[in-house]
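One structure is given below, encoded as structure tokens.
Read the figures in this text as sums done on the coordinates, not as results from a lab. These numbers were taken from a predicted model, which means no experiment stands behind them. A quick note on method: Cβ atoms are made from the backbone with ideal geometry, for glycine too, and the neighbour counts reach across all protein chains shown.
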Amino acid sequence: MSVYLKGGLSWLAASLLVVSGCTAPGEGQTEKQAPTPPKTVAATASPAASALKQVQVFVDVSGGMNGFVPVNKPGDAGSEFQRTVTALLSGVEGQTGRGVRTSYYYVKEATAQSSKVLQPASYADVSQTVSSGIRNAAKGSDLTTMLREVLQRQQAQPGTVSIIVSDFIYAPANTKNVWGGKVSADVKDALSVADPSKLAVSVFANTSAFRGRFYPGRRTAPETLTGQQLPYYVWVLGPAPLVAQVNRTVLGSLAGQPQVHFNATFPTPTYGAVTGYQGQGGWFAVAGPPPGVQVTAVSAQEPVKFVVGFDLKNLPQPAQAGFQTLELDPANTDAKLLKTWAATTGPAVPAAGKSYSHFAQVQLSRLPSSQTLHLRLAPATPSWVAAYSTTDDSRIMQQGAKTFLLGSVLQGVTDFFAGQPAASAPLFDAPLLVKPD
Amino acid sequence: MLQKLFTTLYQAVLGNPDPASLIPVYRQSIFPGVGLYTFFLALALALLFYVVLNRVLTTPYFKSSHWAVVLLLSAVLGATIAWQKAAADINAQLASTGQQLAVGEAATLKRYLWGFTATNALVAALFFVLLSFLVKSLSVSARTTPVRWPN
């Protein structure tokens with residue numbers, strides 16, 4: 001018997017060696033396989049029921065715009081306006097390869113021959129004008145007439161997005177009508193051609209060197225500028241998803257500029273609790289939906305801290321920058337938001353959080369039952385509008401980069417969309433399920 | 001079902017896995033995987049002892065002491081399976097999430113793993129004992145090993 005037992009024991013010894021030879025987890029994990037991105041619940045936008053079919057571009061060629069498009073000498077860099085708008089036009093024309101029709105128009109004043117302010121042109125024409133100056137500049141362009149005609153053209157063909165490039169100085173012939181509330185009402189009336197529930201408007205502001213005569217909106221004497229920065233604007237009008245698409249694909253160069261989005265809707269970003277990142281206490285991440293955490297142990301002495309990551313790439317840049325205004329609805333818990341940060345500025349992000357761009361740390365010390373917390377982000381307030389607006393542009397040299405009654409014009413757009421659900425809705429509202437283990 | 005069964009079994013002895021961030025790996029992969037492997041290991045050893053050694057072949061290994069050696073072997077192999085699978089799964093998880101364990105967490109993880117390894121040695125032995133009683137009637141020369149009951 002002892003022989004067999006010995007045999008058994010040597011087996012046992014060998015097995016023990018196998019056991020003791022194993023390395024403990026956490027030691028030497030670096031040489032393991034490349035990290036795989038964690039599975040996430042993607043909130044996908046509804047399939048393109050109405051895909052982008054047409055982009056129409058309207059470039060204002062009134063005399064007031066001439067200062068933005070100086071004639072360049074060979075080798076010049078061109079003005080900011082020329083660089084941005086040339087790239088924009090090229091980007092729009094580039095959409096033709098994807099089955100999108102494009103059309104281009106000059107915006108001029110109504111004449112005795114034609115009451116229309118929009119004049120069809122070609123890509124080559126418009127691009128040439130931006131590059132080397134306006135010939136036969138129009139005397140002026142009427143903002144409200146322009147908006148009305150643009151919207152009428154847009155509604156004639158579903159799936160159309162309109163891009164307007166202009167200085168957006170509202171200067172109707174009758175100066176008695178140029179006061180704040182009247183201007184707002186005029187703009188609102190012009191937009192009323194369209195159904196507010198089916199329209200979204202994005203406004204991007206930019207400045208460019210202006211060389212030439214500046215015609216004040218107050219209709220005082222023109223001033224000659226020599227390269228001072230003046231604002232111009234790009235408006236994008238159309239159905240909300242298409243406007244978002246055009247903003248992303250064609251207006252990338254303006255993504256970081258001051259902007260405001262009216263009646264825009266954004267898909268809920270991908271989000272989820274991040275394992276192994278700035279956490280503490282007894283919890284683990286649950287993929288959902290809705291995503292959340294399961295808490296194994298929590299007390300006032302040992303609160304639980306976890307981090308929720310968001311992928312905000314579909315939100316405009318100012319909204320992303322406003323991430324620190326994120327709000328937490330704690331439901332029936334004492335959950336509170338400790339801090340928020342962007343991936344680029346915060347602590348190094350582990351593989352589990354690589355798909356997220358922004359993070360929020362939540363603390364919890366009491367959890368009687370399953371609760372659904374909500375993380376909400378309110379739209380960024382366009383505080384730049386006040387800084388870009390003036391009620392008197394007769395001395396634009398001293399005023400700097402300001403636009404006559406811009407605030408009232410944009411107020412008119414706000415008024416037009418008042419009552420739409422998106423007007424008061426948060427950018428996103430992310431439910432987070434927190435439950436005891 | 002199996003997942004729940006083995007999770008309940010191991011957590012009844014060991015409590016919740018620590019650190020908590022690794023709980024999903026234990027519950028979804030380690031507990032059910034190790035539990036199932038251990039069951040089949042014990043079944044294989046029981047069949048080896050009762051059917052292969054004491055029915056198909058005619059060997060002198062039918063005594064209770066021989067049975068005890070196989071019992072010990074099942075405990076050792078059960079421990080090995082537990083450690084190997086748990087370590088592999090946890091390392092894979094840590095690599096995929098990029099999680100860095102703090103010094104304290106690595107220590108508790110190791111302690112929990114040793115506890116799991118020891119527990120599974122007992123589980124393997126237990127499975128082997130239970131399965132022994134199920135398969136001993138198939139045997140010819142070891143029908144009464146280690147005890148006469150129930151034959």
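Peptide A:347-354 has a mean of 3 when you count, residue by residue, the C-beta atoms of other protein chains within 10 Å of its C-beta. Only helices enter this figure: runs of n ≥ 4 DSSP H residues, each worth -39500 (n - 2.57), summed and divided by the residues of the protein assembly as shown, yield -11500 deg cm²/dmol at 222 nm to the nearest 500.
Quick check: the distance between the Cα centres of the stretch A:202-253 and the stretch B:76-92, to the nearest angstrom? Using only Cα atoms to place each centre, the spacing works out to 65 Å.
Distance between the pseudo-spin-label points of A:Lys182 and A:Thr344 (7 Å out from Cα toward the beta carbon): 4.6 nm.
The calculated FRET efficiency for the pair A:Thr102 and A:Ala287, based on their C-beta separation and a Förster distance of 41 Å, comes to about 0.45.
The antiparallel fraction among DSSP beta bridges confined to the protein assembly as shown stands at about 75%. With a Förster radius of 25 Å applied to the beta-carbon distance between A:Lys336 and B:Ala106, the computed FRET efficiency rounds to 0.25. Report, in whole Å, the centroid distance computed from the Cα atoms of the stretch A:342-413 and the stretch B:1-17. Each part reduced to its Cα centre gives a spacing of 47 Å.
Candidate membrane-span-like segments in chain A, meaning DSSP H helices with Cα atoms spread over at least 27 Å of their own axis and a Kyte-Doolittle mean of 1.0 or above, are A:2-21, with no membrane implied. Taking a straight Cα-Cα cut-off under 16 Å and skipping sequence neighbours fewer than 8 places away in the same chain, the lysines within cross-link reach of B:Lys110 are B:Lys85. Highest mean first, the peptides A:84-93, A:174-183 sorted by other C-beta atoms within 10 Å per residue fall in the order A:84-93, A:174-183.
Counting, for every residue in B:15-23, the Cβ atoms of other protein chains within 10 Å of its Cβ and taking the mean gives 6.
Neighbour counts of other Cβ atoms within 10 Å put B:Met1, A:Met65 in the fewest-to-most order B:Met1, A:Met65.
In this calculation the C-beta distance from A:Tyr123 to A:Ala221 is compared with R0 = 35 Å, giving a FRET efficiency of 0.45. Its relative contact order, with pairs defined as Cα atoms under 8 Å and 6+ residues apart, puts the stretch B:2-138 at 39 percent.
Extending 7 Å from Cα along the Cβ direction at A:Gln398 and again at A:Ala300 yields two label points whose distance is 6.3 nm. Here B:Lys136 is the anchor, and the lysines within straight C-alpha reach of less than 27 Å, apart from those fewer than 8 places off in the same chain, are A:Lys6, B:Lys63.
Put a dot 7 Å past the Cα of A:Lys435, heading toward its Cβ, do the same for A:Gln324, and the two dots end up 3.6 nm apart.
Do you know the relative contact order of chain A, to the nearest whole percent, from alpha carbon pairs under 8 angstrom that are 6+ apart?
Averaging sequence separation for qualifying contacts and normalising by length gives 16 percent for chain A.
Screening chain B for DSSP H helices whose Cα atoms reach 20 Å or more along their own axis and whose mean Kyte hydropathy is at least 1.6 gives B:31-47. Multiplying the residue separation of A:Lys354 and A:Gln155 by 0.36 nm and subtracting their alpha-carbon distance yields 67.4 nm. Remark: mean inter-chain Cβ contacts per residue of B:76-85 equal 4, using a 10 Å Cβ-Cβ cutoff to other protein chain atoms.
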